[in-house]
Amino acid sequence: MNPDAEARLPVASVIGMDWRPGHLLRAALLLAALAVGTSTVRVVEAAPAPTVTAVAPVSGPLVGGTAITITGTGFAAGATVDLGGSAATAVVVVSATSITATAAAHAQGAVVVTVTNTDGQGGTLSGGFTYLGPPPTLTAVAPAIGPSAGATTITLTGTEFGAGTTVTVGGVAATNVSAASSTTLTAAAPAGTAGVVNVVVTKADGQSATLVGGYTYTQSPPPAVTSISPTSGTHGGGGPVTITGTGFVAGATVKFGTTAATSVVISSSTSITAVAPAGTANALVNIVVTNADSQTGTLAGAYRFVDTGTVTVTGILPIAGPLAGGTTVTITGTSFNAGATVKFGEVAGTVTSVTANAITAVTPAKTASGKVTVTVTNTDTKAGTLSSGFTYQVAPTLAAVTTPTRVSTAGGTSVSLTGTGFIEGMTVIVGTSAATNVVLAGATKVTFTTPAQPAGTPTVVVRNADYQVAAITNAVLYVAPPTILAVAPLFGDEAGGTEVSIVGEGFAAGASVTFGGKAGTAVAFPEPGRLTVRAPAGAPGTVEVVVTIDGLTASKADGFIYTSTKGKVVGAISAKGISLAMFGGGTTQALVTSTTAAGCPATALAMWVIDTGKFIGYISGAPAIVNADWTKKFTTSIPANTPVIVRCG
């Protein structure tokens, strides 16, 4: 609204108007006019609040007194200036956009600058002015004289030194500046021109101190190059070279002919190491060392660039690795030179070392499995390749095992596991030891022989040739194998059927027993640590007894002796009276002969067997009719293990 305009506003307009400070005054006047019945009134708009956009200079000392100029908008006559709570003095409102004032004293730090007009409206600039700490002083430099080549370590003495303090000598920045304390600095003098120069110390807040004529440069002797080693290298560059001479200083540069070397290290004033650049094959070039003061030393015709020859790649180990990369490989071949690069497919690997015949590198990541070509490229762009030299392989997996395979703590059990991603060269680790006889059946099955391990379920780890692994914890259960302590009886008839008791450890239900490789029958466990079994038939002689439980075995080499009773009477035969014996089988005459040998003469011998509840007898020397039933029963031979009642006398 024009402040000179007449206002004829209804009460509703007053109620609905904007209630900012400038409008409040107008509203008050309107209401007053309405109260006395006045129909017209002149309203004046309030001035906008001031703004502060800049302060110059932006800093000053703690004691105040700094003349500052404040830039902004809306400054009005009579405005005041405040710096962090301290009122500025000598405030002059130059214009609506500029004020000059003098800063008051204040504590160190950045403060808010505030301009306040007479109507109470104000504008601020946060951090608009900084009260600085004491300025530095510089009282001495030692040594005060140094060579024009620079690199002299100097010690500066003064006050208010601290972090971020810089030093210039003759207008050139010193290096390696270090504040030992608030009163001592050390720095390396830069190269300069012979003569006297000023030394300047500047704090991080921009305050500085100058020591006029504080340092004198004396003319340094030029560097001299006396020898290099080696004196030749591949024209692709990249090889390290040691340069020997005198007068070398920090910041010196090296050129091979007109081309700068890289990785220049000033080991001492007499030794420099550098990496040779690429050059023209068979060219003989000068070695030039230039100090920081531009003085040079040259060794003419000192280095020859030789042809690298044909680059070949003949092998790589390991031959495979994971998709994530990170596999360290050794690449073999010929004519590799320092600075050579390696690509796996189209992606660069990281080269860690290079010799003429071997490169060590780290494979990059790849998104898909498969074989890639390995390419070695020398710095002269000569390259060699190994087609399908490296295989990116997914990690192996192992299928879950429901029931672990029981194996002996002594090892030696053959175990098979299934999974995916198996590759030739796989190793298997069981617990803490490597398995043996590892054989792959394609990419999904591995068979191995277990090593010795303590009882339990050790982790089984399969590791491919690319060092990727898979592990499983319940594939095998190591248990102590059974043992045989005693076998009784030790002897038994060759016809079999002898009940044998075996005492030992680790016996359990499901055990089987063999005698000389033949299975026993009726295996039972009458008590812990003992089993019984009926021996099978076997040939006369000593045989091995083997107890097998869940694939684990215990054996006794001389565990059982088969004896032959054919044609023999087993049991004591009394010379007078009746005896009970067992006949091992054979003819009647063999029975008579065996009984006679046992002490009963044939002339006094009578024998009986029980056949279906009745006795059948035989009297030695009696007529055939007397022995008719016997002869009919045993027409050809008497079965083995037939019980016989013998009467002698």
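General remarks:
- Region 605-641, subset among the hydroxyl-bearing types (S, T, Y) and crowded, with 17+ Cβ neighbours inside 10 Å, residue farthest from T593 (Cα to Cα): Y618
- Reported count of residues in region 442-459, each being touching a Phe, Trp or Tyr at 6+ places or on another chain (Cβ under 9 Å) and more than 15 Å from G412 (Cα to Cα), is 8.
- Candidates are the residues of region 177-198 that are in contact with a strand residue (DSSP E or B) (Cβ under 8 Å, 6 or more places away or on another chain) and either among the aromatic types (F, W, Y) or within 11 Å of G162 (Cα to Cα) (or both); the one that is most open to solvent (accessible area, probe 1.4 Å) is A180.
- Candidates in region 241-251 are the residues that are open to solvent by less than 60 Å² (accessible area, probe 1.4 Å) and assigned to a strand (DSSP E or B); of these, the one that is nearest to V200 (Cα to Cα) is G245.
- Subset of region 185-209 (residues that are free of Cβ contacts under 8 Å to residues at least 40 places away in the same chain, under 50 Å from the mean Cα position of the chain (by Cα) and closer than 16 Å to P136 by Cα): L185, T186
- Of all residues in region 436-459, those that are surrounded by fewer than 12 Cβ atoms within 10 Å (Cβ to Cβ) and either small (G, A, S) or modelled with pLDDT under 90 (or both) total 4.
- Annotation: T71 fulfils all but one of (1) in contact (Cβ under 8 Å) with a residue 12 or more places away in the chain; (2) in a loop (DSSP other than H, G, I, E, B); the unmet one is (2).
- When residues in region 300-330 are screened for being more than 30 Å from Y392 (Cα to Cα), in a strand (DSSP E or B) and among the hydroxyl-bearing types (S, T, Y), 1 of them pass.
- Looking only at region 526-582, and only at residues there that are assigned to a loop (DSSP other than H, G, I, E, B) and under 13 Å from P482 (Cα atoms), the one that is least open to solvent (accessible area, probe 1.4 Å): G529
- Scanning region 304-329 for residues being farther than 17 Å from E346 by Cα, open to solvent by 60 Å² or more (accessible area, probe 1.4 Å) and either among the polar types (S, T, N, Q) or out of contact with any strand residue (DSSP E or B) (no Cβ under 9 Å at 6 or more places or on another chain) (or both) gives a total of 3.
- Here region 460-490 is the region considered, the condition is being in contact with a Ser or Thr (Cβ under 6 Å, 6 or more places away or on another chain) and under 30 Å from I561 (Cα atoms), and the residue that is surrounded by the fewest Cβ atoms within 10 Å (Cβ to Cβ) is A488.
- Complete set of residues in region 83-94 that are closer than 16 Å to T66 by Cβ and either in a strand (DSSP E or B) or open to solvent by 60 Å² or more (accessible area, probe 1.4 Å) (or both): L83, S86, A87, T89, A90, V91, V92
- Sole residue being closer than 27 Å to A554 by Cα and either of a type outside the set (S, T, Y) or touching a residue at least 60 places away in the same chain (Cβ under 8 Å) (or both), chosen from T449, T432, T413: T413
- Qualifying residue in region 232-240 (condition: open to solvent by 50 Å² or more (accessible area, probe 1.4 Å) and either aliphatic (A, V, I, L, M) or part of a loop (DSSP other than H, G, I, E, B) (or both)): no
- Filter result (charged (D, E, K, R) and either touching an Asp or Glu at 6+ places or on another chain (Cβ under 7 Å) or open to solvent by 40 Å² or more (accessible area, probe 1.4 Å) (or both)) within region 491-519: E499, E505, K518
- Total residues in region 417-433, condition outside any loop (DSSP other than H, G, I, E, B) and open to solvent by 60 Å² or more (accessible area, probe 1.4 Å): 2
- Exclusive hit being free of Cβ contacts under 8 Å to residues at least 40 places away in the same chain and open to solvent by 60 Å² or more (accessible area, probe 1.4 Å), set T102, T80, T118: T80
- The combined condition, being in a loop (DSSP other than H, G, I, E, B) and crowded, with 18+ Cβ neighbours inside 10 Å, is not fulfilled by G297.
- Unique residue being open to solvent by 20 Å² or more (accessible area, probe 1.4 Å), modelled with pLDDT of 95 or more and in a strand (DSSP E or B) when the list is V225, V254, V212, V201: V212
- Any chance G297 is among the small types (G, A, S) and more than 22 Å from I145 (Cα to Cα): yes
- Residues of region 136-161 that turn out to be open to solvent by 30 Å² or more (accessible area, probe 1.4 Å), over 27 Å from A104 (Cα atoms) and in a strand (DSSP E or B), as a count: 8
- Condition met for G133 (out of contact with any strand residue (DSSP E or B) (no Cβ under 8 Å at 6 or more places or on another chain) and open to solvent by less than 40 Å² (accessible area, probe 1.4 Å)): yes
- The residue list G164, G192 contains one member that is in contact with a Phe, Trp or Tyr (Cβ under 6 Å, 6 or more places away or on another chain), at pLDDT below 95 and in a loop (DSSP other than H, G, I, E, B), which is G192.
- When region 497-518 is filtered for residues that are farther than 15 Å from K556 by Cα and not in a loop (DSSP other than H, G, I, E, B), only E499 remains.
- Taking each residue of region 390-402 that is under 16 Å from A320 (Cβ atoms) and looking for partners that are β-branched (V, I, T) and surrounded by 15 or more Cβ atoms within 10 Å (Cβ to Cβ) with beta-carbon atoms closer than 6 Å, six or more apart or interchain, yields F390/I316; F390/V372; F390/V374; P396/V462.
- In summary, V14 fulfils each of the numbered conditions (1) touching a helix residue (DSSP H, G or I) at 6+ places or on another chain (Cβ under 6 Å); (2) modelled with pLDDT of 50 or more with the single exception of condition (2).
- Against the conditions (1) closer than 15 Å to N627 by Cβ; (2) free of Cβ contacts under 8 Å to residues at least 12 places away in the same chain, D611 satisfies every one except (2).
- Among the residues making up region 583-597, a single one is open to solvent by 20 Å² or more (accessible area, probe 1.4 Å) and in a loop (DSSP other than H, G, I, E, B): T587.
The values are calculated or read from the model by the stated rules, or taken from the named source; none is laboratory data. For clarity, every value in this text was computed on a predicted model and none was experimentally measured. No Cβ is skipped: glycine too gets one built from the backbone with ideal geometry, and neighbour counts run over all protein chains shown. For accessibility, only protein heavy atoms count, side chains too; no ligands or nucleic acids. Shrake-Rupley method; radii C 1.70, N 1.55, O 1.52, S 1.80 Å.
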